[in-house]
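Bear in mind that the values in this text are calculations on the coordinates, not laboratory data. On a predicted model such as this, the values are computed, not experimentally measured, just so you know. Cβ placement follows ideal geometry from the backbone for every residue including glycine, while neighbour counts extend to all protein chains displayed.
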Amino acid sequence: YDERLAALFSLPSDADTRVALNQLHALKYGVTRQKDRPVTVYELETYYNPLALRRLLPAKSVAALARERCPPLGICRMIAQEAYEVPYDKDLRWTSRERLELVKKINELRQCVGASERIAQTPVPLHYARHASRFLSLWCFLLPLALVDQLGLFTA
């Protein structure tokens, strides 16, 4: 269950959940976490969740999202379900055309989330990562030398 919660709050998948939380806890409070203490939704929320899902969603929805393989798609599914459940009224304040347009936008959002999930799950080749790291290190080292003429002593 801890890994599902970690996935819900976008904890990096290549990191061990407890190790990552220990490091974050040490950075935030200056001490490490207690080893026997379980990972809680509240604790993950303080580190990883700027939207505070626990306060915005009912407990049943948060638990359902914790079971999802892809929580953003689960949120899109919940939004679509809410749109479908809004009843029609006789004053036509919520027409079928508006409902279809909203569902169309939600489906577009799902497609964007799916595309970004595919990008996020694509592994970066090791050679590319090494060369990019070396290039950026060299660039950061040489940039002050290139700016000396324009900035003078401010580059030091």
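Observations, loosely collected:
- Length gained on full extension, residue 59 to residue 79, computed as 0.36 nm times the residue gap minus the Cα-Cα distance: 5.6 nm.
- Separation of the residue 93 and residue 135 label points, Cα + 7 Å toward Cβ, nm: 5.6 nm
- Gain upon complete extension [residue 121, residue 69; 0.36 nm per residue less C-alpha separation]: 17.5 nm
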